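A quick write-up on the structure given underneath.
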Amino acid sequence: MSEPAPLPSMADKLPQPKLVVMAISIVAVALSLFQMYGAGIEPLGLFYQRSIHLAFIMFMAFLMFPVFGGNKKRGVLGWMIDIAFLAGAFTTGFYLSFYLDAIFNRAGFWNETDLIIGMIATVTVLEASRRAVGLGMTIIGIIAIIYALSGPRGALPWVGEWLPGILSHRGADVDRLVGQLYLGQEGIYGLPMGVAATYIFMFVLFGAFLEVTGAGKFFIDMAYAATGKKPGGPAKAAVLASAGMGSISGSAIANVVTTGAFTIPLMKRLGYRPAQAGGIEAAASTGGQITPPLMGAGAFLISEYTQVPYLDIVMVSIFPAILYLGTVYLFVHIVALKNGMRGMPVEELPDWKQVLKEGWQFILPLGVLIYLLVMNISPMRVGFWAIISVMAVAALRYALWYFFVAETRSHAALKTAIANGIKITIAALELGAKNAVAVSMACAVAGIIVGVVGLTGLGLKFSSMMIAFSGGHIVLALVLVLIASLILGMGLPVTASYIVLIVLVGPALSNEFGIPLLIAHLVVFWYSQDSNVTPPIALAGFAGAAIANASPMETSFQAWKFAKGLYLIPAFMVFNPEIIEGGSIEIVLWTGFTAILCLVAFAAALEGYLFAHMDIISRIVIVPATVGVFWPDLRAEIAGTVVLLAILGLNWWQGKKDGPTPAVAAS
């Protein structure tokens, strides 16, 4: 057993004064402790939990992100603006908790103070979102507010004159809108913020505890030990490591910068082009967003919207996640075989026994988490005990190191071990709060959008437009959802994009097109991921390009190709709901087999290679055969399956006849 890993650097990216850095740390630790208290000791009421959480989050956002950006000093003007917003964050966030009973007694008859505080809160949330999430999110929130105020009875009646007839509504005045957004349960403090302030934060904090104690290195080393000797080993390790990291971080970009720093240089060394290496990592890291248990916060939101237990969401998402990651893994394998690549030298790979010996403590908390979920305990409480288990096994590791490994067991060594434990705990509390700022602010603005949709009936109007544009054809409807998700993804993070889309198009998918509710939510959630890997704005692709020193656009196109499972698997869910809803064992096995067969054939058609080079006719025929398998008719499924098996069988026979491709040595 080696000495515990050193504490990772917690320095802010922004060049902040020491006093500000200290203030950020104090607020972050206080927020995490508040969340731990509410999750495991004394549960708080709905508005208490959400309003205090958002106050802390906005306070951190204004401290972490100066008004004029991180490249400039705040200056006197900057500090005046930031202090005003800090005061606004404190006042609006804690106003509800201070006067909650009185506000409830005035329900619907708000006084002037209520409305003024509500307007300040809305402006403060939009500005905090601009700094923490980006301008796109803020602009969409502002457009939603303007839309709510338009109409003949609204505060901005002239705006309504520019709206098409189907989008017109009677309009709302400022008082009604503020009541909806700030003082009600459908606005800023609505369901998205409720999920962010409870389940999401606890699991983000859980991931932070794993990260600071070295879980990332453990997952990466285990992935290298499992796949490093195989053709394209580092790329395959990227897929497995991203799945492992994604299960605790739930962020595609975080996965890219964490695992990509190790995997991308090794992929390039093995023979992958820089753009390919960056694209593979981006596509694999996007899989972290759909990998249970966290699923980029999506599992909690889907559970709340559908009222399906969280554990059920996790269970039904396992096979689709395996299909997606398996598709990326297959692409990597095909590219390696096609170019005759070999694996890494054995002497450069970690020994899995040694890795497991040094990192066993990271498996125990995941076991605790799964056990408590199976026991049907609240996810928020599960997150609390999972964090406690991480702290317990970390303390056990320090104790074992101190008593059995340390050269000296003096009081000084004991004090050092205790001090390191305290530092790591504080670092985890701080990191968890920082990591939650962006998602919480996205959920706050998403709450504004959801509130406007409920106030104006915009969801029903969008449903009508979707039916009209698609002509009632479900395939066209799915294409429209895909296009909308891509457009929204250019300005919104994945979680916010999912919330906005499901509120707008979810009713149409479920009620008009007959897609089961859970599958409709999963489809929208999966499609919301495509902005990570789809040009022209592919954030995960751009992060991979930066590490690979490749063209951002070329890297994004490579990521888009490797991530094709994002488009096929949701469609397969729609036309073969057994993959999610279950059924007889024969139907489930048949559906799973055809899903795997389609993805293998489609990957082979795109790359033009599987066991051997594939001719153009076979690649073209695979497309209608795949459509046949997707078609909800048993005869079409069987015909498509037979054609795909025949093409892949011929390709296997051709590969056996031609022999293996000459290997390319790693340089």
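Residue check: ILE117 meets all listed conditions (1) surrounded by 13 or more Cβ atoms within 10 Å (Cβ to Cβ); (2) of a type in the set (A, V, I, L, M, F, W, C); (3) under 30 Å from PRO17 (Cβ atoms); (4) more than 30 Å from the chain's Cα centre (by Cα) but one, namely (3).
Checking every residue in region 445-457 against the condition of being of a type outside the set (Phe, Trp, Tyr), open to solvent by 10 Å² or more (accessible area, probe 1.4 Å) and modelled with pLDDT under 80 gives zero matches. Within region 317-376, the set of residues being assigned to a helix (DSSP H, G or I), open to solvent by less than 20 Å² (accessible area, probe 1.4 Å) and aliphatic (A, V, I, L, M) comprises ALA321, LEU323, VAL328, VAL332, ILE334, VAL335, ALA336, VAL355, LEU369, LEU373.
Only one entry of MET380, MET391 meets the criterion of being aliphatic (A, V, I, L, M) and surrounded by fewer than 20 Cβ atoms within 10 Å (Cβ to Cβ), and that entry is MET391. For region 610-641, a residue qualifies if it is aliphatic (A, V, I, L, M), closer than 23 Å to VAL574 by Cβ and open to solvent by 20 Å² or more (accessible area, probe 1.4 Å), and the qualifying residues are VAL623, VAL627, LEU634, ALA636, ILE638, ALA639.
Table: residues versus (1) at pLDDT 85 or above; (2) within 19 Å of LEU369 (Cβ to Cβ); (3) surrounded by 24 or more Cβ atoms within 10 Å (Cβ to Cβ).
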{"site": "ARG176", "(1), (2), (3)": "yes, no, no"}
{"site": "LEU205", "(1), (2), (3)": "yes, yes, yes"}
{"site": "ILE220", "(1), (2), (3)": "no, no, yes"}
{"site": "GLY233", "(1), (2), (3)": "no, no, yes"}
{"site": "SER247", "(1), (2), (3)": "no, yes, no"}
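Among the residues making up region 580-636, those that are more than 33 Å from the chain's Cα centre (by Cα), of a type in the set (A, V, I, L, M) and under 21 Å from PHE331 (Cβ atoms) are ALA612, MET614, ILE616, ILE620, VAL621. Only residues that are of a type in the set (Phe, Trp, Tyr) and under 22 Å from the mean Cα position of the chain (by Cα) were counted in region 312-371, giving 4. Checking region 581-594 against the condition returns a match, with at least one residue being surrounded by 19 or more Cβ atoms within 10 Å (Cβ to Cβ) and closer than 26 Å to GLY514 by Cα.
Cβ-Cβ distances below 9 Å connect the following pairs, each with a first residue in region 214-242 that is touching a residue at least 24 places away in the same chain (Cβ under 8 Å), a second residue that is of a type in the set (Lys, Arg) and assigned to a loop (DSSP other than H, G, I, E, B), and a separation of six or more residues or different chains: LYS229/ARG342; LYS230/ARG342; PRO231/ARG342; GLY232/ARG342; GLY233/ARG342; LYS236/LYS230. Of all residues in region 539-566, which are open to solvent by less than 10 Å² (accessible area, probe 1.4 Å), closer than 18 Å to THR259 by Cα and among the small types (Gly, Ala, Ser)? Within region 539-566, ALA540, GLY541, GLY544, ALA545, ALA548, SER556, ALA559, ALA563 qualify. The set of residues from region 296-312 being surrounded by fewer than 24 Cβ atoms within 10 Å (Cβ to Cβ), out of contact with any Phe, Trp or Tyr (no Cβ under 7 Å at 6 or more places or on another chain) and either modelled with pLDDT under 85 or not charged (D, E, K, R) (or both) comprises TYR305, THR306, GLN307, VAL308, PRO309, LEU311. State whether one or more residues within region 170-183 are in contact with an Asp or Glu (Cβ under 7 Å, 6 or more places away or on another chain), in a loop (DSSP other than H, G, I, E, B) and farther than 30 Å from GLY367 by Cα. Scanning region 170-183, I find at least one residue that is in contact with an Asp or Glu (Cβ under 7 Å, 6 or more places away or on another chain), in a loop (DSSP other than H, G, I, E, B) and farther than 30 Å from GLY367 by Cα, so the answer is yes. Among the residues of region 489-509, those identified as buried (at least 19 other Cβ atoms within 10 Å of the Cβ) and either without any contact (Cβ under 8 Å) to a residue 60 or more places away in the chain or small (Gly, Ala, Ser) (or both) are GLY489, ALA496, SER497, LEU501, VAL503, LEU504, VAL505, GLY506, ALA508, LEU509. Annotation for region 73-95: no member residue is of a type in the set (Gly, Ala, Ser) and touching a residue at least 60 places away in the same chain (Cβ under 8 Å). Taken over region 55-74, residues that are farther than 19 Å from GLY134 by Cβ and open to solvent by less than 40 Å² (accessible area, probe 1.4 Å) amount to 2. Of the residues making up region 510-526, just one is crowded, with 23+ Cβ neighbours inside 10 Å and free of Cβ contacts under 8 Å to residues at least 40 places away in the same chain, namely ALA520.
The listed residues are ALA102, ALA148, and the only one of them that is crowded, with 17+ Cβ neighbours inside 10 Å and either touching a Cys at 6+ places or on another chain (Cβ under 6 Å) or at pLDDT 85 or above (or both) turns out to be ALA148. For region 264-301, how many residues meet the condition of being over 23 Å from the mean Cα position of the chain (by Cα) and assigned to a loop (DSSP other than H, G, I, E, B)? So the count comes out to 3. Looking across region 583-599, the residues that are in contact (Cβ under 8 Å) with a residue 60 or more places away in the chain and in contact with a helix residue (DSSP H, G or I) (Cβ under 6 Å, 6 or more places away or on another chain) come down to ALA595, LEU599.
The values are calculated or read from the model by the stated rules, or taken from the named source; none is laboratory data. As the structure is a prediction and not an experimental result, all values here were calculated from the model. Don't worry about glycine lacking a Cβ; one is built from the backbone with ideal geometry, like all the others, and counts go over all protein chains shown. We work out accessible area using only protein heavy atoms, side chains counted, and drop any ligands, DNA or RNA first. Shrake-Rupley method; radii C 1.70, N 1.55, O 1.52, S 1.80 Å.
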